[in-house]
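So the structure is just underneath, and the comments pick up after that.
The values are calculated or read from the model by the stated rules, or taken from the named source; none is laboratory data. Just so you know, these numbers come straight off a predicted model, no measurement behind them. Neighbour counts run over all protein chains shown; Cβ positions are idealised from the backbone, glycine included. Note: accessible area is taken over every heavy atom of the protein model, side chains too, but ligands, DNA and RNA are not part of it. Shrake-Rupley method; radii C 1.70, N 1.55, O 1.52, S 1.80 Å.
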Amino acid sequence: MTEQKRVFIKSYGCQMNVYDSERMGAALAAEGYEIAETAEGADLVVLNTCHIREKAAEKVYSELGRLRPLREAKAAEGGQLTIAVAGCVAQAEGAEIRTRQPIVDVVVGPQAYHRLPAMVRDAKAGRPGVDTDFPSEDKFDHLPADTRPTRAPTAFLTVQEGCDKFCTFCVVPYTRGAEVSRPAARIVAEAEALVARGVREITLLGQNVNAWHGAPLDGMGPGLGGLLRRLARIEGLERLRYTTSHPRDMDDELIAAHGDEPKLMPYLHLPVQSGSDRILKAMNRRHTAEAYLRLLERIRDARPDLALSGDFIVGFPGETEVDFEDTLALVRATGYAQAYSFKYSTRPGTPAADAQTQVPEEVKADRLARLQALLAEQQAAFQTSMVGRRMDVLVEKPGRHEGQMVGRSPWLQPVHFDASPGTRGQLVPVNILSAGTNSLAARLAA
Ligand code: 5AD
Ligand code: SF4
């Protein structure tokens, strides 16, 4: 009898990496691998990496440093720990990774995951490899469907990948490649399979998800709005979300879907990055602050209880105090329920990296602190506004305390309340009792 092979997959960065890691896990499971919770004792470690900011990219090398003694210990026992680097660092750095860290056996870019099992077999046989091609075929067509049992009522589903926007700070168009949309037929089939496995909420993923323009099914409306409406017809599917969107691609059909499709949750992640028109132009965002605010007005007209999330970059090259104050003004005018904010990070190969007007680190730090203070204030106000409300929560898993369950509100907040484990996967009505920084406490409603 051969011993059970074990793989540990670690995901960094965005939700698409989480989805990709699941798919790689399913592909490796088909090869006889069991998923391990830690690297200790594993035969294969896959690091699914992120290249979006310098700090994110450096994490992979720290992790590889930690894996080195494990690999040596395994070899000393006569075993073999194979190490694969996947994701956007793999795409961006390719063979360089193996020069900098020779313990890496496999380097595989995001568009080549269907080749991972074969590459691992080769590596185990002493033939390490690098694959960062952008093949013309859809990798998902070559990855086995995930049929493993799930206990989670929520799932991600990638519908679109890559980006053609070329914001001047961003590596995504280089690491994930040109925009590619999966056909509606495949997406609907995957969604139906997820629902058959017990999934009640699906989040559609794409770097530019609202630019989705895949082949439609008969009778479907155009774009992501049409796709969402089609998916909403799947019986047993209760909730739909999508992320991440670009303001330029919020078309009428999608806005209308927010107004009249009850399964579409009232929460939208719509990054604006900056509130200064001068900086938006330098970022190549192709819209103004005013256009963004007008767009929000239209979306909120369609769905008045819609809550917003966003991304911001402070200290983009050339950003002055006045530009930064425009960002604060836009945040005040919008009112975010939640948002991510970052110091500009120079990414080699992107246009902004060569700008002569880099903002000093301490200025970036100061602006980030001021922006985050304002965003925290807005989040606190949003959280407080929930107290006393009744809402449906999708129950996800047991909470930390005995007898407690955790679910998600329509606005993505974790909600804690006492209930039986049997409620997992159900939509239950609750009354909100109190609000924390990120989560809510509730009681089951009668
Ligand atoms: N520096 C800082 N933040 C960045 N982001 C993307 N590229 C950079 C960069 N070079 C942020 C943007 C994007 C989010 C995913 O990461 O805000 O929306
Ligand atoms: Fe990057 Fe998003 Fe801009 Fe595309 S739209 S280049 S993914 S920030």
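Results, tabulated for the structure shown:
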read-out: Pick from the stretch 259-281, criterion assigned to a helix (DSSP H, G or I) and more than 13 Å from ligand 1 (Cβ to nearest atom), ranking: surrounded by the fewest Cβ atoms within 10 Å (Cβ to Cβ); value: D260
read-out: Cβ-Cβ under 7 Å pairs, at least 6 apart or on other chains, the stretch 317-341 side acidic (D, E), far side outside any loop (DSSP other than H, G, I, E, B); value: E319/I279; D323/R278; D323/I279; D326/A289
read-out: Subset of the stretch 402-446 that is out of contact with any strand residue (DSSP E or B) (no Cβ under 8 Å at 6 or more places or on another chain) and under 28 Å from A376 (Cβ atoms) - its residue that is surrounded by the fewest Cβ atoms within 10 Å (Cβ to Cβ); value: T437
read-out: Residue among R286, R241 that alone is surrounded by fewer than 20 Cβ atoms within 10 Å (Cβ to Cβ) and of a type in the set (K, R); value: R286
read-out: Residues of the stretch 1-32 satisfying the condition of being open to solvent by less than 20 Å² (accessible area, probe 1.4 Å) and of a type outside the set (D, E, K, R); value: V7, M16, N17, Y19, S21, M24, G25, A26, A27, L28
read-out: Single condition G87 does not satisfy, out of (1) modelled with pLDDT under 95; (2) in contact with a Cys (Cβ under 9 Å, 6 or more places away or on another chain); (3) surrounded by 15 or more Cβ atoms within 10 Å (Cβ to Cβ); value: (1)
read-out: From P144, P153, P135, residue being farther than 25 Å from M119 by Cα and either more than 16 Å from ligand 1 (Cβ to nearest atom) or open to solvent by 40 Å² or more (accessible area, probe 1.4 Å) (or both); value: P153
read-out: Number of positions in the stretch 334-371 that are within 13 Å of ligand 1 (Cβ to nearest atom), touching a Pro at 6+ places or on another chain (Cβ under 6 Å) and over 15 Å from R53 (Cα atoms); value: 2
read-out: Counted residues, the stretch 167-198 - those being open to solvent by less than 10 Å² (accessible area, probe 1.4 Å), away from ligand 1 (no atom under 14 Å from the Cβ) and within 18 Å of the chain's Cα centre (by Cα); value: 3
read-out: Subset of the stretch 245-280 (residues that are among the hydroxyl-bearing types (S, T, Y) and without any contact (Cβ under 8 Å) to a residue 40 or more places away in the chain); value: S245
read-out: Filtered residue count, the stretch 301-333, keeping only those that are open to solvent by less than 20 Å² (accessible area, probe 1.4 Å), more than 15 Å from ligand 1 (Cβ to nearest atom) and within 24 Å of the chain's Cα centre (by Cα); value: 2
